[in-house]
Amino acid sequence: NLMVYLAEVQALQGELTEAMRTCQEAMTLLSAKTEQSTYAKALQTRGFINRTNGDMSQAIADLEAARQIFERENDPKAVAIVTGELGIVYYYKNEFALALENYRRATSACEAIKDSRGAMIGHLNIGDVLLQQRQYEGASHELAIALGLARKKKLSKDELTAGLYLTEAHLALGRVEEAQKELEALQPLLENTSS
């Protein structure tokens, strides 16, 4: 477990070569054990490292394998997280249909287990993709949900992101008054230099 967490931290700090080495070492140790959940977490971490390194095919293979194990182990939170990660990989590959499919699946999983922060991230990701695809009505709906959850959880960075994206969707739909109201509501966050 500690080696998997160490690899995750190394990857987040940009020490990708060392992270991959630590992750591979942990996976070698785990392959002889029956610790399926930990092995799946190692696969997930390796998938993240591969995504960061730009090896999207290997990232997908690792994340899909991790998801299958988490599903067998009946770990809905882990399934939601790894499914969201898959959405990110497909997003980076500009495969937006697959990104949306994974984001929606992750969002539904988060809502089912009452993970409002995960659901907020999911709705924000879906709204972002729809906004880029110029599906402004759908984007507006998803981003409004994300914004409401971010405000409820007092996640100011996410509130600002969702609010600005929602403002963009309102403007694209010609809803200037709604866009202006949203910007006024965001004004305190926009003025806060730490946001």
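The values are calculated or read from the model by the stated rules, or taken from the named source; none is laboratory data. Computed from a predicted model, the values in this text were never measured in an experiment. Neighbour counts run over all protein chains shown; Cβ positions are idealised from the backbone, glycine included. With ligands, DNA and RNA removed, areas are computed over all heavy atoms of the protein, side chains included. Shrake-Rupley method; radii C 1.70, N 1.55, O 1.52, S 1.80 Å.
Test Gln133 against the stated conditions and say whether it is open to solvent by 60 Å² or more (accessible area, probe 1.4 Å), modelled with pLDDT of 90 or more and either in contact with a Lys or Arg (Cβ under 8 Å, 6 or more places away or on another chain) or within 23 Å of Leu100 (Cβ to Cβ) (or both).
yes
Here is a yes/no grid of residues against (1) modelled with pLDDT of 90 or more; (2) among the small types (Gly, Ala, Ser); (3) touching a helix residue (DSSP H, G or I) at 6+ places or on another chain (Cβ under 9 Å):
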site: Ala40; (1), (2), (3): yes, yes, yes
site: Gly47; (1), (2), (3): yes, yes, yes
site: Thr52; (1), (2), (3): yes, no, yes
site: Asp62; (1), (2), (3): yes, no, yes
site: Thr83; (1), (2), (3): yes, no, yes
site: Ile88; (1), (2), (3): yes, no, yes
site: Asn94; (1), (2), (3): yes, no, no
site: Leu98; (1), (2), (3): yes, no, yes
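Identify all residues within region 1-47 that are touching a Lys or Arg at 6+ places or on another chain (Cβ under 8 Å) and of a type in the set (Ser, Thr, Tyr); write none if there are none.
Tyr39
Kindly indicate the residue of region 107-123 that is open to solvent by less than 10 Å² (accessible area, probe 1.4 Å) and among the small types (Gly, Ala, Ser) and also nearest to Gly148 (Cα to Cα) among those meeting that condition.
For region 107-123, the residue satisfying everything is Ala119.
Just checking, which of Glu101, Glu35, Glu25, Glu15 is open to solvent by 50 Å² or more (accessible area, probe 1.4 Å), within 28 Å of Leu149 (Cβ to Cβ) and not small (Gly, Ala, Ser)?
Glu101
State yes or no: is Gly127 out of contact with any Leu (no Cβ under 9 Å at 6 or more places or on another chain), closer than 18 Å to Arg104 by Cα, surrounded by 17 or more Cβ atoms within 10 Å (Cβ to Cβ) and not basic (Lys, Arg)?
So Gly127 does not fit the description; no.
Can you tell me which residue among Ile126, Ile121, Ile145, Ile113 is in contact with a Cys (Cβ under 9 Å, 6 or more places away or on another chain) and either of a type in the set (A, V, I, L, M) or under 20 Å from Leu98 (Cα atoms) (or both)?
After ruling out the rest, the residue left standing is Ile121.
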